[in-house]
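The values are calculated or read from the model by the stated rules, or taken from the named source; none is laboratory data. This structure is a prediction, so every number in the text was calculated from the model and none was measured. Here the Cβ positions follow ideal geometry from the backbone for every residue, glycine too, while neighbour counts run over all protein chains shown.
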Amino acid sequence: MKVLVQRARQAQVTVDGNMVAAIGAGLLLLVGIAHDDTEQDAQYLLRKTLALRIFNDDNGVMNRSVLDAGAQILAVSQFTLMADTRKGNRPSYISAARPDVAKPYFDRFVQQLSEGLGRAVPVGVFGADMKVSLVNDGPVTILLDSRDR
């Protein structure tokens, strides 16, 4: 499982020209789920995401988590994070979980994020052609991979 964490001033998702989710200051999470991910992978990334100290403290040092900062989270499922680009120029997505496996897994992950954050986490539309916009703050972008423990 992979989560691309982007610190945002604001972020939003539109589908067919309609805004379906938006946040102010916080984190935009792009979430990729592999076919062999386990609950331990999700729990590791959940803890890491909520505790990651990438918000500035009063001294301008990245020393605060999303919880400490009282910031928001927007989560978007993105199977392309599971791309394998080792051979040729066309990415392979063979390691990505099928939608019937990935969607419930993603939904549980978001529910647990919401519980940990103490408020609802808006999401994109699973499987839709989404347009995701972001004002990246910093820019701060960090890739978390459950296999890199």
For this session: Name, by its number, the condition in (1) more than 13 Å from the chain's Cα centre (by Cα); (2) in a loop (DSSP other than H, G, I, E, B); (3) surrounded by 16 or more Cβ atoms within 10 Å (Cβ to Cβ); (4) among the aliphatic types (A, V, I, L, M) that does not hold for Ala102.
Result: (2)
Problem set entry | Given (1) assigned to a loop (DSSP other than H, G, I, E, B); (2) surrounded by fewer than 16 Cβ atoms within 10 Å (Cβ to Cβ), index of the condition Val121 fails | (2)
Exercise. If a residue has to be in a loop (DSSP other than H, G, I, E, B) and either within 12 Å of the chain's Cα centre (by Cα) or without any contact (Cβ under 8 Å) to a residue 60 or more places away in the chain (or both) to count, how many in region 37-55 make the cut?
Worked result: 2
Problem set entry | Pair list, Cβ under 6 Å, 6 or more apart: region 1-26 residue within 12 Å of Gly124 (Cα to Cα) and modelled with pLDDT under 95, other residue hydroxyl-bearing (Ser, Thr, Tyr) and surrounded by fewer than 23 Cβ atoms within 10 Å (Cβ to Cβ) | none
